[in-house]
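To start, the structure under review is shown below, and the notes come after it.
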Amino acid sequence: MSPSVELDRTDRHLLQHLQDTFPLDRRPWKVIGERIGIPEEEVLGRVQRLAGEGVVRSVGTVVDAHRVGLNASTLVALRVPETRLVEVARIIGEHPGVSHCYERDHAFNLWFTLSMPDEQSMARELRRLLVRSRVPPAEMLNLPVLRRFKVDVRHRFVVSEDGGARA
């Protein structure tokens, strides 16, 4: 596990704005800076530092898959030899329907989510991914979505009156 990163009050305010109120503006970093009281250049520098430290993993859009025609989703677990894990993860991660691909400390050590327009294309693409990655079908768990529960995970970065901070 990576060591903790020290966040000051401004970092915490910045992180809160990045995840909750990112502005749709030609100069979003300037707008965020005005909101938290620092110059645009400092906002950019802090975001770059936090990204380099692994605190900020990405800044991007979350798409509702159903609204764009991806009506079938599944969580897949693969049992991959440790020596091939990076190779197989690269193959899986390149697929445009894969939104997450990660290693787990488990017998099934590579997990990913796949979204496709329908069940038939889902089955076809899973077969293609297994062929491309040379993973036998018996080494796959396919856990299709039966019912969606959408949880919007947000971290609260609390700043106390005395200037202290906690997540």
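The values are calculated or read from the model by the stated rules, or taken from the named source; none is laboratory data. Model, not experiment: these values are computed from the prediction. Using ideal geometry, Cβ is built from the backbone for each residue, glycine included, and neighbour counts are taken over all protein chains shown.
Quick one: count up the residues across region 62-89 that are touching a helix residue (DSSP H, G or I) at 6+ places or on another chain (Cβ under 9 Å) and either more than 17 Å from Pro137 (Cα to Cα) or of a type in the set (Phe, Trp, Tyr) (or both).
Counting residues in region 62-89 that are touching a helix residue (DSSP H, G or I) at 6+ places or on another chain (Cβ under 9 Å) and either more than 17 Å from Pro137 (Cα to Cα) or of a type in the set (Phe, Trp, Tyr) (or both) gives 4.
Report yes if Ile32 is touching a His at 6+ places or on another chain (Cβ under 6 Å) and farther than 30 Å from Arg132 by Cα, otherwise no.
So Ile32 fits the description; yes.
Yes or no: Thr83 modelled with pLDDT of 95 or more and loosely packed, with under 11 Cβ neighbours inside 10 Å?
Answer is yes for this residue.
List the number of the failed condition for Val55; all other conditions in (1) under 16 Å from the mean Cα position of the chain (by Cα); (2) at pLDDT below 90; (3) farther than 18 Å from Phe112 by Cβ hold.
Against the list (1) under 16 Å from the mean Cα position of the chain (by Cα); (2) at pLDDT below 90; (3) farther than 18 Å from Phe112 by Cβ, Val55 comes up short only on (2).
Answer with yes or no whether Arg12 is part of a helix (DSSP H, G or I), of a type in the set (Lys, Arg), modelled with pLDDT under 95 and farther than 30 Å from Leu141 by Cβ.
Yes: the conditions hold for Arg12.
Could you tell me how many of the residues in region 119-167 are at pLDDT below 95 and assigned to a loop (DSSP other than H, G, I, E, B)?
19
Go through region 60-77 and count every residue that is modelled with pLDDT under 85 and surrounded by 10 or more Cβ atoms within 10 Å (Cβ to Cβ).
Residues of region 60-77 modelled with pLDDT under 85: 60-66.
If we keep only those that are surrounded by 10 or more Cβ atoms within 10 Å (Cβ to Cβ) too, we end up with 63, 65-66.
The number of residues fulfilling the criteria is 3.
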